[in-house]
Amino acid sequence: MPVGHRVDPSSGPSDGATRALGDALAAEYAAVWAYGVIGVHLTDAARSAARAAEAAHRSRRDALLLQLAEGAGQVPADRAGYALPYPVTDRATALRLAVEIEERTAGHWRAALPHTTGADRNAALAALTDCALRATRWRRTAGVSPVTVPFPGRPA
């Protein structure tokens, strides 16, 4: 899922925090889109968890949209759709994508940490933690072992 949008540095502040938060916003856009695909292949508690995850990503996306819009930089636009890394056709591939989208989104929030301070850093850390917890739950649901990773959001 391409999530490499960047804030246009010629349109406003080009500091690392603005770029990092723009990248995190792009990851949140992709996560919201992915959960639309994931949810249709799940049932019962897993479908409810997917809806809750989508709502959490939607909430973060909306808050970040407002924050970036209030700044002087250009806000990255959402795409009409995203290329999936593989076909999602059943419960197993939906759960695999759920883990992957949480790991990728965690990676973008982790990348924002060294570029942020104060409330922005706290928000990035909370988002990273939230994604890591959801990835762990999805791994457990999918029967993947180990269910945790030592450094969430860090490339393997």
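Quick notes
- The chain - percent of accessible surface contributed by carbon and sulfur, probe 1.4 Å: 56 percent
- The 3J(HN,Hα) values that the Karplus relation (6.51, -1.76, 1.60; θ = phi - 60°) gives for segment 31-42 are, in residue order, 5, 4, 4, 4, 5, x, 6, 4, x, 6, 9, 10 Hz. Gly and Pro appear as x.
- Stretched out straight at 0.36 nm per residue, the stretch from Arg79 to Ser48 would grow longer than its current Cα-Cα span by 8.6 nm.
- Matching label, semi-axes √(5λ) of the Cα gyration tensor in Å computed from the structure shown, candidates [x] 70, 27, 13; [y] 27, 17, 13; [z] 37, 15, 13: [y]
- Nearest 10 degrees, 0 to 90: helix 44-70 Cα axis against the chain principal axis: 0 degrees
- Dipole magnitude of the chain, debye to nearest 20 (Cβ charges: Lys/Arg +1, Asp/Glu -1, about Cα centre): 460 debye
- One Cα centroid belongs to segment 134-153, the other to segment 64-121; the line between them spans 18 Å.
- Whether segment 76-150 is rounded, prolate or oblate, judged on the alpha carbon gyration tensor where a/c under 1.5 counts as rounded: oblate
- A Förster radius of 25 Å combined with the Cβ-Cβ distance from Gln67 to Arg154 puts the calculated FRET efficiency at roughly 0.50.
- Contact order normalised by residue count of the chain, Cα under 8 Å, 6+ apart, percent: 27 percent
- Taking the charge dipole of the chain about its Cα centre, with +1 at Lys and Arg Cβ atoms and -1 at Asp and Glu Cβ atoms, the residue from Ala98, Ala83, Leu68 reaching farthest to the positive side is Ala98.
- Against the main long axis of the alpha-carbon atoms of the chain, helix 118-142 sits at an angle near 10°.
- Net lengthening on full extension, Thr129/Leu113 (0.36 nm per residue, minus Cα-Cα): 4.6 nm
- The stretch between Ala92 and Ser59, if pulled fully straight at 0.36 nm per residue, gains 9.2 nm over its current Cα-Cα span.
The values are calculated or read from the model by the stated rules, or taken from the named source; none is laboratory data. Predicted model only: the values in this text are computed from it and were never measured. So basically every Cβ, Gly included, is an ideal-geometry build from the backbone, and we count neighbours across all protein chains shown. Just the protein is used for accessible areas: all its heavy atoms, side chains included, with ligands, DNA and RNA removed. Shrake-Rupley method; radii C 1.70, N 1.55, O 1.52, S 1.80 Å.
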